[in-house]
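Working notes for the structure below.
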Amino acid sequence: MELTKKEFIAVFKKRLNQKYAIDVSDACNSELYGTLCSLVKSSYSAVWRQTWKDFVKEHDKQTYYFSIEYLPGKLLKSNLLNMGWYDLVNSAFEDLGLDLNAIAAVEPDMALGNGGLGRLASDFMDSLASEGYPVNGNGIRYKYGLFKQRFVNGYQVELPDEWLNSDGGNAWEIRRASKSVLVRIGGHVRLVQEKNYLKPVYEDATLIRAVPYDVGMVGYHNNHVNTLRLWSAEIPESEESKYPTIEDRRQVEDITAVLYPDDSNESGRLLRLKQEYFFVSAGIQSIIRHYKKYGSPIDQISQEVAIHINDTHPAMCVAEFMRILLDEEHLSWDTAWNQTVRVMSYTNHTIMSEALETWTVPMLNEIQPRILQIIAEIDHRFVAALAGKVDGGLIERTRIISAGKVHMAHLAIIGSHSTNGVAKLHTDLLKSDVLHDFYTLYPDRFNNKTNGIAVRRWLQIANPRLAKVIDQSIGSDWRQDASQLLKLIDYSTDNSLLDQLGAVKLANKRDLTYLIKQETGITVSPNAIFDVQIKRLHAYKRQLLNLLRIIKLYLDLKQNPDLEIIPRVFIFGAKAAPSYHYAKSIIKCINETANLINHDATIQDKLKVIFLENYGVSLAEKIIPAADVSEQISTASKEASGTSNMKLMLNGALTVATLDGANVEIKQYVGDDNIFIFGLNKQEVYQYYRDHNYHSLDYYHNNPIIHRVVDTLVDGTIPNISAEGHEIYDSLTYLNDEFFVLRDFEDYLRVQDKVDETYRDQHKWNKMSLINIAKASYFSADETVKRYAETIWHVKQLSEKGDM
Ligand code: 26Y
């Protein structure tokens, strides 16, 4: 749409009138929001249709990205930006006396994910469309998003997130009832020999109608719109009579009601397994149906279809794809298997053993007996093919079903041609340790794809002030091609630019101080260091290490109120899984420490601790541009990659980090002088594991500072944490401090002193900040997805750049 501002205003007023029979002056923000969305959507819908038709016409290979989580956040601004409308609409709204920010705020966050993995999937969707790749997402349309977090007396309380019932609703989705499919769950199955295949006969199975809701994924200035297809469970019309009561009906609708708010612990619930099979089966059925419609031979499907398994949650893709090729297409096992392995690829996102999914045989049997049969056959053939060729122990350790359990990661690796980790260190660990057995079997299947982030959302949209300053120095090409940000390095001695960076940061911090005041009632000074740790609450991410240092600072200041320190505002954002007791105890302790410090008049402005409620994509967009310090302090070897580390450096924050996940690569890019590294490295952690010689009590007893700080958890210094304080105290002492918090404490203090010292030299700080912004471009998701497309999926870029 090539419109002038005047034309846009006319079109906007007309649509507002048509939709709501109202004038601009009388419209509320949600009516204005609804109108703008409808204009945006109707404007890209022709391109969306065309993108789809082009795929079909050319028989281009397409990828389907299966993820049980997506975290798109809000889409209005990114759609405006990608369509090339942002500046026009912003300025038109100014003329009309409207505030685009307030209108965009009406949109509920689409929070269909827990954390890093879901947000990565959404950054990838943006980049894949923007790079013109034919890649569509497949997931679940949860009725309730990730819980809303509130703090009551310092405790986390979880409230339902009824995003679909909010004022904004979901303006972007299109219900496509005609593309529904039936998913069979439960019951019994027996195989009957037909002429050339075994025919499964099902009894007592439940049929669920899977209805797709499609959301357009709009590419950046390139006339390309991909699809994110989210499935919702309904009762098929033919089965209505089987569900006479509301309670009965709810059993079906519940399949897609809630997102499992758990990113660490196996929930063990059958419903989760049902969800996994439901979206896998619906997605695979619709892919194969679509493929067949255009006449290509089924035994060559791998030439036109690639399927990506994002973590193990969709690992049943392997078995479901086999099921259709065998039972419905009557291919031979070998042909079907050959195609399946060529089609599938898998990303591993974690080495934490509790997050590696297994299901018991009876559970799988209860969800889908035919899928269990197929998995058992895959397992059987895997074992038979290796018997006598490799060590028996190796076979036992790598087979899919052992000791009554089905190992989903094993299924994903054996049933695909590619397994990748998400940062170099992580992939090395997979090869050398976690998945070493598989690496010896399939060395060629393993590869690394370091994570990336959408520079458009995390810089252009979230930080317009910084974007403008960058434009003024190196021009605006970086908006298309993030690698251009490297040109900033040439300006590292340009004092005027460095001063401007400082001014941008200060302005962003001022904005955040307003939000903090509004949300918490606490006044913080924008002149303090804004020290940020935003991520899920997990013991291995060590928010506790941060907290212990805060307590140490507090004790120092109490002892010596005249102590000269650079004021700091510690900002936390984190949700804990509702069932994760320890993580919730840490939240309580941080909140009570915050309460103590923030209301202690003797501390004044030197120290403030702010824990913002309900951390999510939209809040991240406000915190990240205002951060001075980025806390990336997980125990080395535990964080697969991290992505907030990349977003924060892109916005000029300096990183305090352990050598974990992608921090290792950040350090390589920015150089040792532009990052603050501390703590054990991976080798040292593993050495402790091997030698069993870490004794946290020694640190507690021998280091008086540690002793004093840890004691505050139980000696009443911090009020209202009796139970939680003891729980954490015990974990650090008698339970031997699983994540080496005490071991790394002193080094953490040391490196934080260096942060203070550096901050005193604002010129030096801003220079370091500039280098971080420039080098963050290495983590552009546009580049990451290219590597997936070229080396794993083998799909081609279709679209040329150009405005919509
Ligand atoms: C099985 C179930 C309990 C489960 C549910 C969610 C297991 C894992 C997850 C989510 C994992 C996750 O978000 N992992 C994160 O993925 C990011 C993207 O690759 C990484 O940056 C981050 O280090 C990793 O923790």
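Residues that are touching a Lys or Arg at 6+ places or on another chain (Cβ under 7 Å) and either under 17 Å from L386 (Cα atoms) or assigned by TED's automatic domain parsing to the domain that holds V318 (or both) within the range 421-443 comprise D437, Y439, listed in sequence order.
Tallying residues that are assigned to a loop (DSSP other than H, G, I, E, B) and of a type in the set (S, T, Y) within the range 423-471 yields 2.
Exactly one residue out of E158, E173, E107 is more than 21 Å from L459 (Cα to Cα), away from the ligand (no atom under 16 Å from the Cβ) and crowded, with 17+ Cβ neighbours inside 10 Å, and it is E173. Residues that are more than 28 Å from E757 (Cβ to Cβ) and outside any helix (DSSP H, G or I) within the range 689-715 comprise H692, N693, Y694, H695, L713, V714, D715, listed in sequence order. The selection criterion, being farther than 19 Å from K764 by Cα and aliphatic (A, V, I, L, M), does not hold for I489. Looking across the range 123-141 at every residue that is assigned to a helix (DSSP H, G or I) and small (G, A, S), the one that is farthest from V40 (Cα to Cα) is identified as S127. Exactly one residue among L372, L364, L386 is within 16 Å of the ligand (Cβ to nearest atom) and touching a helix residue (DSSP H, G or I) at 6+ places or on another chain (Cβ under 6 Å), and that residue is L364.
Restricting N153, N165 to those that are surrounded by fewer than 19 Cβ atoms within 10 Å (Cβ to Cβ), over 27 Å from the mean Cα position of the chain (by Cα) and closer than 30 Å to L612 by Cα reduces the list to N153. Residue check: A282 meets all listed conditions (1) more than 16 Å from the ligand (Cβ to nearest atom); (2) in a strand (DSSP E or B) but one, namely (2). Under the condition of being more than 16 Å from the ligand (Cβ to nearest atom) and crowded, with 20+ Cβ neighbours inside 10 Å, the residues counted in the range 414-433 number 3.
Residue-by-condition table, conditions (1) in contact with a Lys or Arg (Cβ under 6 Å, 6 or more places away or on another chain); (2) more than 18 Å from V47 (Cα to Cα); (3) not small (G, A, S):
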residue: V181; (1), (2), (3): no, yes, yes
residue: L191; (1), (2), (3): no, yes, yes
residue: E194; (1), (2), (3): no, yes, yes
residue: Y202; (1), (2), (3): no, yes, yes
residue: A205; (1), (2), (3): yes, yes, no
residue: P212; (1), (2), (3): yes, yes, yes
residue: G219; (1), (2), (3): no, no, no
residue: N222; (1), (2), (3): yes, no, yes
residue: V225; (1), (2), (3): no, no, yes
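For the range 527-548, the candidate set comprises residues that are in a loop (DSSP other than H, G, I, E, B) and touching a residue at least 60 places away in the same chain (Cβ under 8 Å); within that set, the residue that is surrounded by the most Cβ atoms within 10 Å (Cβ to Cβ) is R542.
Okay, residues lined up against (1) farther than 19 Å from F66 by Cβ; (2) among the charged types (D, E, K, R):
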| residue | (1), (2) |
| --- | --- |
| T335 | yes, no |
| M352 | yes, no |
| W359 | no, no |
| L364 | no, no |
| D379 | yes, yes |
| G388 | yes, no |
| D391 | yes, yes |
| V406 | no, no |
| H410 | no, no |
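Could you go through the range 305-316 and let me know if any residue there is under 27 Å from L191 (Cβ atoms), more than 16 Å from the ligand (Cβ to nearest atom), modelled with pLDDT of 95 or more and touching a helix residue (DSSP H, G or I) at 6+ places or on another chain (Cβ under 6 Å). Yes.
Residues are listed down the side, and each one gets a yes or a no for (1) basic (K, R); (2) more than 16 Å from the ligand (Cβ to nearest atom); (3) under 28 Å from the mean Cα position of the chain (by Cα):
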position	(1), (2), (3)
N17	no, yes, no
T51	no, yes, yes
Y65	no, no, yes
S78	no, yes, yes
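Among the candidates A233, A319, which residue alone is over 19 Å from the mean Cα position of the chain (by Cα), part of a strand (DSSP E or B) and away from the ligand (no atom under 16 Å from the Cβ)? Every option except A233 fails the conditions. Scan the range 379-389 for residues that are out of contact with any strand residue (DSSP E or B) (no Cβ under 9 Å at 6 or more places or on another chain) and either surrounded by 14 or more Cβ atoms within 10 Å (Cβ to Cβ) or not assigned by TED's automatic domain parsing to the domain that holds L326 (or both) and jot them down. Result: R381, F382, V383, L386. Taken over the range 186-211, the criterion of being free of Cβ contacts under 8 Å to residues at least 24 places away in the same chain, in a loop (DSSP other than H, G, I, E, B) and over 23 Å from M363 (Cβ atoms) is satisfied by E194, K195.
Scanning the range 525-549 for residues that are aliphatic (A, V, I, L, M) and closer than 23 Å to K505 by Cα gives A528, I529, V532, I534.
Evaluate the range 404-412: report whether one residue or more is farther than 29 Å from Y202 by Cβ, within 16 Å of the ligand (Cβ to nearest atom) and crowded, with 22+ Cβ neighbours inside 10 Å. Within the range 404-412, none of the residues are farther than 29 Å from Y202 by Cβ, within 16 Å of the ligand (Cβ to nearest atom) and crowded, with 22+ Cβ neighbours inside 10 Å.
Selection of the range 566-583 for residues being assigned to a helix (DSSP H, G or I) and surrounded by fewer than 21 Cβ atoms within 10 Å (Cβ to Cβ) yields H581, Y582.
The values are calculated or read from the model by the stated rules, or taken from the named source; none is laboratory data. The structure presented is a predicted model; accordingly, all values stated were derived computationally and were not measured. Cβ coordinates were reconstructed from backbone atoms using ideal geometry, including for glycine residues, and neighbour counts include every protein chain displayed.
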